[in-house]
1. Determine, yes or no, whether T93 is closer than 16 Å to L129 by Cα and not acidic (D, E).
2. Yes or no: G23 at pLDDT below 95 and assigned to a helix (DSSP H, G or I)?
3. Cβ-Cβ distance below 9 Å, separation of 6 or more or different chains: which pairs start in the stretch 98-125 with a residue that is closer than 18 Å to L56 by Cα and in contact (Cβ under 8 Å) with a residue 40 or more places away in the chain and end on one that is of a type in the set (K, R) and surrounded by fewer than 19 Cβ atoms within 10 Å (Cβ to Cβ)?
4. With the condition being crowded, with 16+ Cβ neighbours inside 10 Å, I'd like the helices (runs of 4 or more DSSP H) fully within the stretch 29-137 carrying at least 3 qualifying residues.
5. Give me a count of the residues in the stretch 95-121 that are modelled with pLDDT of 95 or more and either touching a Lys or Arg at 6+ places or on another chain (Cβ under 8 Å) or among the small types (G, A, S) (or both).
Amino acid sequence: MKQNIRKFGVESLCVLLVVQLSGCNSATGIKPSQATTSQFLQEMQGQQFSGAYSLLSSKFKSTITQQQLKDHWESVEKSKGKLQSWSQQGFQTYSGTGGSSVKLSYALQCAKGAAGITFSCVEENNKWLIQGFNINF
């Protein structure tokens, strides 16, 4: 009887591990989203607004022009100074009938102080792009 319980316990643990590992599939967008958001911040830091704009989803592009993106960033720099560095603070993944998304938060270090930015990323045409962002300064 003890052997059966141990065997059942080991089998249950293996099944649980498989379920948890397959559940990680919803998190597959984390690394590409991190790459996209880091590239976006690099582009913005270097005043390369066309490069940054290319990292936005089509839905986001329908709500903001490249000029508006530039103007928004310049208002942040006017308040906080030039972006010097950033570090990721956390992430969350979401999965639903509408698809998957990744939310990433960063701490921004600027010349005149700190700020925070949170990105929402979605997969579009096999790329993870920025669906929106919010800057707290």
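1. Criteria met by T93.
2. In short, yes.
3. Final answer for the pair search is F119/K103; C121/K103; V122/K59; E124/K59.
4. Working: elements: 30-45, 49-53, 58-61, 66-80.
It comes to 30-45, 49-53, 66-80.
5. In the first step, residues of the stretch 95-121 are kept if they are modelled with pLDDT of 95 or more; the result is 101-121.
In the following step, the residues that additionally are either touching a Lys or Arg at 6+ places or on another chain (Cβ under 8 Å) or among the small types (G, A, S) (or both) were identified as 101, 105, 107-108, 110-116, 118-121.
Residues that pass the stated criteria total 15.
The values are calculated or read from the model by the stated rules, or taken from the named source; none is laboratory data. All values derive from a computational prediction rather than experimental measurement. Cβ: placed from backbone, ideal geometry, glycine included. Neighbour counts: every protein chain shown.
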